[in-house]
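Worksheet: the structure to be examined is printed underneath.
The values are calculated or read from the model by the stated rules, or taken from the named source; none is laboratory data. It should be emphasised that the depicted structure is a prediction, and the values quoted were computed from it without experimental measurement. Note: ideal-geometry Cβ built from the backbone for every residue, glycine included; neighbour counts use all protein chains shown.
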Amino acid sequence: MDESDGEALAAREWRLIREERWPGPMNMALDEIAAETAAAGGPRTLRVYRWEPSTLSLGYRQDPDTVDWGYCAAEGITVTRRQTGGGGIYHDSHGDISYTIAAPADELPGDLVESYRRLCTPILDAFDRLDVPAAFAETGRPALHDPACYLRELHPAHDVVVPGDDGPRKVSGNAQHRRTDAVVQHGSLTYAVRPERHLAAFADPSVDAATFRERVTGIEDHADVTRTAAVSTVEEALAEWADAAEGSWTEDELARARERANEKYGSDAWTRRRPGDR
């Protein structure tokens with residue numbers, strides 16, 4: 001991001017909502033509410049959050065038959081569906097650090113790749129501060145299990161990897177939902193890899209834990225840092241990027257988000273819908 005981009009960001013009202021713990025449907029509802037707030041002239045939002053309980057978030061068009069619903073129910077893993085595409089992601093309550101950036105659409109590049117480059121700037125900065133040698137993927141690796149986001153073919157626009165002698169290993173996935181009036185980018189940074197639980201949430205993944213480990217890495221594999229310290233680093237990188245003030249949700253936003261979570265993101269009609277259903 002050049003100096004003019006930084007000045008443009010700082011000239012607008014941004015709030016940083018430090019890490020909160022929410023169930024999966026509420027996390028997705030809050031992303032939607034943040035977009036509505038920004039589009040209506042309210043503050044742009046930077047948020048960091050934890051999934052409590054652990055959650056499997058499905059891609060917008062993902063077939064529900066790819067989920068092991070019995071395992072998820074037995075292990076207390078919530079299942080919800082994102083507004084963004086791609087494969088499913090198991091968000092471990094300890095092993096995952098998630099973030100969202102929401103801003104009016106006319107304040108961000110129309111080009112998708114350029115938009116990813118701009119909005120991932122603070123994420124790459126956070127990895128740099130943590131001494132994790134992460135960068136956008138440059139070369140693809142063949143998909144191993146398409147329903148699982150972290151086992152799909154790497155995409156240079158939004159997949160962040162740690163290079164290695166045996167090939168790049170994914171450490172962060174990022175996705176955008178582009179409305180006519182707002183853009184929401186959210187992403188997952190892996191702090192600790194939980195391959196057995198990640199794979200078990202899917203039906204017949206045909207990949208073992210060792211193979212998963214060859215494709216995915218976490219912050220704790222590269223840096224001697226606690227999860228708390230890693231979260232603080234992500235928060236500070238986001239805040240400095242946009243010159244954001246620490247903020248919080250309004251009571252109205254929380255009420256709307258709870259309603260949206262109950263009616264939409266927590267419903268079977270949304271989560272278990274089949275590809276092509278509206």
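Applying the set (1) among the β-branched types (Val, Ile, Thr); (2) in a loop (DSSP other than H, G, I, E, B); (3) modelled with pLDDT of 95 or more to Thr139 leaves exactly one unmet item: (3). Residues in the range 41-57 that are surrounded by fewer than 24 Cβ atoms within 10 Å (Cβ to Cβ) and out of contact with any Pro (no Cβ under 9 Å at 6 or more places or on another chain): 6 in all.
Restricting attention to the range 119-130, does a residue exist that is surrounded by 14 or more Cβ atoms within 10 Å (Cβ to Cβ), without any contact (Cβ under 8 Å) to a residue 40 or more places away in the chain and among the hydrophobic types (A, V, I, L, M, F, W, C)? Scanning the range 119-130 turns up at least one residue that is surrounded by 14 or more Cβ atoms within 10 Å (Cβ to Cβ), without any contact (Cβ under 8 Å) to a residue 40 or more places away in the chain and among the hydrophobic types (A, V, I, L, M, F, W, C).
Ala223: among the small types (Gly, Ala, Ser) and either surrounded by 21 or more Cβ atoms within 10 Å (Cβ to Cβ) or in contact with a His (Cβ under 7 Å, 6 or more places away or on another chain) (or both), yes or no? Spelling it out, it is not the case that Ala223 is among the small types (Gly, Ala, Ser) and either surrounded by 21 or more Cβ atoms within 10 Å (Cβ to Cβ) or in contact with a His (Cβ under 7 Å, 6 or more places away or on another chain) (or both).
The sole residue among Leu119, Leu46, Leu58 that is modelled with pLDDT of 95 or more and either among the small types (Gly, Ala, Ser) or closer than 21 Å to Thr271 by Cα (or both) is Leu58. For the range 14-29, a residue qualifies if it is crowded, with 16+ Cβ neighbours inside 10 Å and farther than 21 Å from Gly87 by Cα, and the qualifying residues are Trp14, Arg15, Leu16, Ile17, Arg18, Glu19, Trp22.
Give the residue that is farthest from Asp68 (Cα to Cα), with candidates limited to residues of the range 197-245 that are part of a helix (DSSP H, G or I), small (Gly, Ala, Ser) and in contact with a Lys or Arg (Cβ under 8 Å, 6 or more places away or on another chain). By that ranking, first place goes to Ala242. Entry remark, the range 228-249: residues being buried (at least 18 other Cβ atoms within 10 Å of the Cβ) and not acidic (Asp, Glu) number 11 in total. From the set of residues in the range 162-196 that are part of a loop (DSSP other than H, G, I, E, B) and basic (Lys, Arg), which is nearest to Pro142 (Cα to Cα)? Checking each candidate, the answer is Arg194.
Among the residues of the range 37-61, count how many are hydroxyl-bearing (Ser, Thr, Tyr) and assigned to a loop (DSSP other than H, G, I, E, B).
Count: 2.
Of all residues in the range 62-74, at least one satisfies being part of a loop (DSSP other than H, G, I, E, B), touching a helix residue (DSSP H, G or I) at 6+ places or on another chain (Cβ under 9 Å) and either at pLDDT below 95 or farther than 25 Å from Pro156 by Cα (or both).
Checked against (1) buried (at least 22 other Cβ atoms within 10 Å of the Cβ); (2) among the basic types (Lys, Arg); (3) under 18 Å from Val171 (Cα atoms), Arg141 passes all but condition (1). Quick one: would you say Tyr150 is among the hydroxyl-bearing types (Ser, Thr, Tyr), buried (at least 18 other Cβ atoms within 10 Å of the Cβ) and not in a strand (DSSP E or B)? The answer is yes for Tyr150.
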